[in-house]
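Each remark here refers to the structure printed beneath this line.
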């Protein structure tokens, strides 16, 4: 699981960028996104800015750590400091 603290305005900006660049739709405060055969569930709490995302499905040949590492790199590339 990847955890980060993201202010509300930055989360809205991140969601818009991820939708435009990767087709990932972070609509609402919780849900799931899928890309390249990897599905991840996310939750976001606007009151404290806590964002969590966890890989729930992946191709057999990819390990979960690799998938989470790629998600972490994408978040960092968009200015999110992951814990």
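Extension gain residue 78-residue 54, at 0.36 nm per residue separation less the Cα-Cα distance, in nm? Provide the component values of the computation, followed by the final result.
Details: separation 24, 0.36 × 24 = 8.64 nm, distance 1.80 nm.
Here the segment from residue 78 to residue 54 would lengthen by 6.8 nm.
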### Query
Ranking 11, 60 by Cβ neighbours within 10 Å, fewest first, what do you get?
60, 11
### GNM top mover of 13, 70, 21 - the chain, alpha-carbon springs below 10 Å
21
### Message
Ratio of alpha-carbon Rg to the 2.2 N^0.38 Å globular estimate for the chain, to two decimals, please.
### Response
1.01
### Message
Under 10 Å, Cα contacts only: if you run a Gaussian network model on the chain, which one of 32, 40, 20 comes out with the highest mean-square fluctuation?
### Response
20
#### Entry: 0 to 90° range, to nearest 10: angle between helix 64-77 axis and the chain longest Cα axis
30
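Taking neighbour counts of Cβ atoms within 10 Å as a proxy for exposure, in what order, fewest first, do 76, 53, 2 appear? Walk me through the intermediate numbers first.
Numbers: 76 12, 53 22, 2 18.
Listed from fewest to most nearby Cβ atoms, that is 76, 2, 53.
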#### Entry: Helix 8-22 vs. the chain, principal-axis angle (Cα, 0 to 90°, nearest 10)
40
### Message
Only counting other Cβ atoms within 10 Å, I'd like 72, 36 sorted with the fewest neighbours first.
### Response
36, 72
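As a check on your grasp of the helix formula, calculate [θ] at 222 nm for the chain: sum -39500 (n - 2.57) over DSSP H runs of n ≥ 4, divide by the residue count, round to the nearest 500. It would help to have the intermediate numbers written out before the result.
Numbers: 2 runs with 29 residues, N = 83.
Value at 222 nm, helices only, nearest 500: -11500 deg cm²/dmol.
Each reported figure results from applying straightforward, stated rules to the coordinates on display, with no laboratory input. Nothing here was measured: the structure is a model prediction, and the numbers come from that model. Cβ coordinates were reconstructed from backbone atoms using ideal geometry, including for glycine residues, and neighbour counts include every protein chain displayed.
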